[in-house]
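The values are calculated or read from the model by the stated rules, or taken from the named source; none is laboratory data. A quick note: this is a predicted structure, and the numbers were derived from the prediction, not measured. Here the Cβ positions follow ideal geometry from the backbone for every residue, glycine too, while neighbour counts run over all protein chains shown. Heavy atoms of the whole protein, side chains included, go into the accessibility calculation; ligands, DNA and RNA do not. Shrake-Rupley method; radii C 1.70, N 1.55, O 1.52, S 1.80 Å.
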Amino acid sequence: MTVFSGSRQVVPVDYEAEVSQHLLEASLTGDLRSALECISDPVVDVNFVGAVRLKTRKTEVVLRDESPSEVRVEYEEFTTDVTALFLAVHVGNVALVKKLLSVGADVNQKLFKGFATTVAVRESHLEILKILLKAGASQAACEEALLEASCHGQARFAELLMGSDLIRPHVAIHALVTACCRGFVEVVNALTKCGVDASASHRQLLQSSKPSLYTNVDCTALVAAVVSRQVAVVRLLLQAGIPTDMKVSLGAWSWDTTTGEEFRVGAGLAEPYAISWCAVEYFEDSGAILRMLLQHFTLEIPHYGRTLLHHAILCGSTGAVKVLLSCGSNADCPVKTLKTEFRPLHLAARLGLSETLQSLIDSGCDINSKTDSGDTALMICAKYKHEECLKVLIRAGADFGLVNVSGQSASSIASSNRWFLGFQEAVLDVIKGLRIPKSSNVSVFSPLMFVAETGDVEALKALIGSGEVDLDYQNENGFSAIMIASLNGHVEAFRLLAYAGADVMLELTLEKGNRNAGGFYALHCAARYGDLDAVMLLTSRGYDVNVPDGDGYTPLMLAAREGNGPMCELLISHGANCDFKNAKGETALSLVQKTTFFKNDAERVILDELSRNLVLGGARVLKHTKGGKGNPHWKDMKMLRNSGLLQWGKSSRRNVTCQEAEPGPSAAFGSNRHSKGDANEPGIFRVVTTKNKEVHFLCESGSEMAELWVRGIKLITKEAIFGSQKDGRDKLGSLGFR
């Protein structure tokens with residue numbers, strides 16, 4: 001820019017930089033005319049480095065768990081140092097590139113974002129790359145461009161650069177390994193055709209999300225492709241005859257060959273292994289890589305005592321397990337060390353791999369095989385609390401009746417390991433799904449006894465419906481399922497077993513010499529827990545309602561103790577004896593009177609029965625005459641059920657219908673007997689007949705007996721009235737009974 005001051009021409013001090021910056025801007029926008037004007041200025045510097053805002057391509061590797069890594073192309077915008085040639089190459093302006101080179105632009109000038117060759121590859125300008133190569137691109141510029149081509153998947157660019165004879169072998173190997181990691185099979189093919197040694201190794205950043213890996217290691221192209229799960233690249237390399245006998249140091253698991261213990265030491269820190277083991281640990285979800293490599297290896301060759309199948313299980317790769325089994329791997333191949341012996345099934349059970357367990361089972365492994373300590377897979381699941389694995393084994397028919405060298409079963413291990421509730425839930429879920437657990441020894445484990453213990457009705461229905469269980473089986477203690485259900489208070493389970501035909505007359509086992517079952521009485525349990533339906537069922541089958549249990553309690557006494565009035569009423573209706581007294585002197589009445597809840601209802605039922613039995617059976621009483629003025633004399637008195645008559649002799653005068661009955665003397669009687677001193681003697685009660693005649697009696701057992709007499713007289717009178725007249729309720733009211 002020229003400035004005039006008067007008659008003199010003035011040139012700015014920074015004019016060269018300004019013109020050169022204009023060249024950069026014209027190159028960036030692709031304005032060839034402006035760029036040529038700047039170039040024609042004698043002061044312009046075509047190799048001037050200035051800062052511009054640049055938008056450029058970049059690639060990012062996206063990791064997938066068991067799928068090939070993907071390369072994502074994105075654009076980023078930032079301010080960076082550039083030259084005019086760099087920008088002309090970047091925008092793809094061939095004419096400008098040629099012009100700049102013709103006026104001295106440096107083809108090998110290195111900038112922050114690389115050489116001009118680098119940007120030609122990055123932005124996919126093949127024609128420009130050819131021009132740059134002819135212009136004398138250096139070895140460094142060509143090698144960096146080759147690495148860029150391997151990162152962006154530019155096969156034609158890679159081939160062109162390899163033809164320059166400027167690429168050193170180790171750089172070419174680096175590019176090959178990079179292309180293998182990124183899955184650019186065309187680049188790999190181009191490089192191998194150009195003579196790059198695919199069996200050579202180079203230090204490369206390898207990445208994986210499963211297992212987690214982010215490390216720089218020396219690796220070959222095949223290893224890089226396997227770790228990155230690039231199926232097409234692996235296929236290409238194997239077809240090209242790449243050796244597969246290398247050892248790979250990428251394992252994350254190590255183990256003690258003496259004890260058999262596994263240690264997760266971290267990726268790359270385990271003992272070197274074959275490439276097939278690497279394909280297992282870095283398994284690709286289609287299984288294609290592993291299958292291709294298995295064509296070059298023997299399945300059962302051990303590595304520190306283990307096979308590929310054990311390694312796949314240890315790595316938690318269900319897909320690898322399935323591939324190995326489908327290729328003929330032995331599902332029962334044991335691992336033997338100086339101290340241990342176990343099989344793939346046991347390892348999967350210990351690690352909680354339910355899907356792997358299912359694959360091993362489907363392949364025909366011995367589901368009940370044992371470790372050196374006698375543990376089955378079922379026991380191992382119980383020990384390590386693996387519920388889903390437990391379900392898989394149950395459905396497959398694992399034997400619950402087996403024990404280890406310590407005499408423990410799966411269920412006892414679960415109990416000792418404080419996991420019985422989880423174990424119980426798993427077993428019940430499977431049974432509800434109509435799969436019955438297998439047991440070769442019901443004394444060790446009986447599905448029926450197990451379910452009866454829990455009281456789960458749905459599971460019990462499934463067991464009964466299967467027809468595979470003996471409802472009357474008794475364990476070594478003499479208990480059957482129905483006994484266990486009752487003793488644990490599982491009323492619905494008890495009822496279900498009873499209606500299914502389980503033997504409820506279990507006291508008979510005592511008569512047969514089985515003393516272990518003493519302490520269980522079906523009717524007593526049903527009465528205690530208030531199961532009216534079960535009691536009706538048992539009594540209909542001839543159960544004796546008055547048999548005491550081992551503690552001397554009858555069913556009625558147990559129901560009374562629980563304060564259950566309806567149960568007491570039911571038992572009494574079937575002949576329960578209210579007068580029975582045990583060795584402690586307890587009766588149904590004394591027990592109910594100790595009850596705080598629902599006391600009145602149960603007490604009422606028992607008192608009604610006692611009083612009814614008293615007055616119908618009769619007793620000896622002292623009858624007073626002439627309202628207490630005469631001499632009393634003893635009479636045998638009772639009531640007649642049907643007529644409701646109170647009778648103390650054969651004369652019709654001694655057969656009366658009571659209108660009222662009350663304990664204690666009347667006022668007139670007290671006055672008449674005052675001189676005798678026995679007016680308020682305990683045990684006195686009175687009745688008033690329908691003819692308004694008042695009669696006093698004295699019973700032998702005091703006031704409580706007198707109250708029973710009064711209660712019984714009222715009850716029988718009510719019953720007689722209701723039984724003989726439709727309007728008994730109304731007549732009852734007219735007689736004064738409430």
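Listed values, structure above:
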| quantity | calculated |
| --- | --- |
| Test: residue in the stretch 125-132 that is more than 21 Å from Asp165 (Cβ to Cβ), out of contact with any His (no Cβ under 8 Å at 6 or more places or on another chain) and either without any contact (Cβ under 8 Å) to a residue 24 or more places away in the chain or not assigned by the TED database to the domain that holds Lys210 (or both) | yes |
| Residue match in the stretch 281-293 (condition: closer than 17 Å to Met246 by Cα and either surrounded by fewer than 24 Cβ atoms within 10 Å (Cβ to Cβ) or assigned by the TED database to the domain that holds Ala377 (or both)) | yes |
| Filtered residue count, the stretch 549-587, keeping only those that are of a type outside the set (A, V, I, L, M) and within 15 Å of Asn613 (Cα to Cα) | 8 |
| Subset tally (residues that are among the β-branched types (Val, Ile, Thr) and in a loop (DSSP other than H, G, I, E, B)) for the stretch 81-112 | 3 |
| Members of the stretch 637-650 that are outside any strand (DSSP E or B), crowded, with 18+ Cβ neighbours inside 10 Å and either at pLDDT 90 or above or among the small types (Gly, Ala, Ser) (or both) | Gly644 |
| Test: residue in the stretch 119-127 that is surrounded by fewer than 24 Cβ atoms within 10 Å (Cβ to Cβ), out of contact with any strand residue (DSSP E or B) (no Cβ under 7 Å at 6 or more places or on another chain) and either of a type in the set (Asp, Glu) or assigned to a helix (DSSP H, G or I) (or both) | yes |
| Some residue of the stretch 411-434 being of a type in the set (Phe, Trp, Tyr), closer than 28 Å to Ile482 by Cβ and open to solvent by 40 Å² or more (accessible area, probe 1.4 Å) | yes |
| Residue check for Leu325: crowded, with 20+ Cβ neighbours inside 10 Å and not charged (D, E, K, R) | yes |
| Residue check, Gly316 open to solvent by 20 Å² or more (accessible area, probe 1.4 Å), touching a helix residue (DSSP H, G or I) at 6+ places or on another chain (Cβ under 8 Å) and assigned by the TED database to the domain that holds Asp245 | yes |
| Single unsatisfied condition, Gly136 versus (1) in the same structural domain as Phe86 (by the TED database); (2) in a helix (DSSP H, G or I); (3) more than 25 Å from Ala51 (Cα to Cα) | (2) |
| Residue in the stretch 209-226 that is of a type outside the set (D, E, K, R), at positive phi and in a loop (DSSP other than H, G, I, E, B) present | no |
| First in the stretch 95-118 and touching a residue at least 24 places away in the same chain (Cβ under 8 Å) and at positive phi, second anywhere and of a type in the set (Lys, Arg) and open to solvent by 10 Å² or more (accessible area, probe 1.4 Å), Cβ under 8 Å, 6 or more apart | Gly114/Arg122 |
| Filter pass, Lys718 being surrounded by 14 or more Cβ atoms within 10 Å (Cβ to Cβ), at pLDDT below 85 and assigned to a helix (DSSP H, G or I) | no |
| Residue in the stretch 23-56 that is nearest to Gly287 (Cα to Cα), counting only those that are in a strand (DSSP E or B) and open to solvent by 40 Å² or more (accessible area, probe 1.4 Å) | Lys55 |
| Residue within the stretch 257-279 that is out of contact with any strand residue (DSSP E or B) (no Cβ under 8 Å at 6 or more places or on another chain), in a helix (DSSP H, G or I) and open to solvent by 20 Å² or more (accessible area, probe 1.4 Å) present | no |
| Residues (under 13 Å from Thr178 (Cβ atoms) and open to solvent by 20 Å² or more (accessible area, probe 1.4 Å)) located in the stretch 205-219 | Leu205, Gln207, Asn216 |
| Matching residues in the stretch 663-694 - criterion: being touching a helix residue (DSSP H, G or I) at 6+ places or on another chain (Cβ under 9 Å), in a strand (DSSP E or B) and open to solvent by less than 50 Å² (accessible area, probe 1.4 Å) | Ile684, Phe685, Arg686, Val687 |
| Close pairs from the stretch 182-197: first assigned by the TED database to the domain that holds Ala232 and closer than 18 Å to Leu166 by Cβ, partner small (Gly, Ala, Ser) and open to solvent by 50 Å² or more (accessible area, probe 1.4 Å), Cβ under 9 Å, at least 6 apart | Cys194/Gly163 |
| Matching helices (runs of 4 or more DSSP H) fully within the stretch 346-464 where at least 1 residues are outside the structural domain of Gly316 (by the TED database), more than 30 Å from Gly478 (Cβ to Cβ) and more than 20 Å from the chain's Cα centre (by Cα) | 354-362 |
| Options Ala382, Ala377, Ala348; residue that is at pLDDT 95 or above and closer than 30 Å to Asp245 by Cα | Ala348 |
| Residue match in the stretch 475-483 (condition: assigned to a helix (DSSP H, G or I), open to solvent by 40 Å² or more (accessible area, probe 1.4 Å) and closer than 30 Å to Asp375 by Cβ) | no |
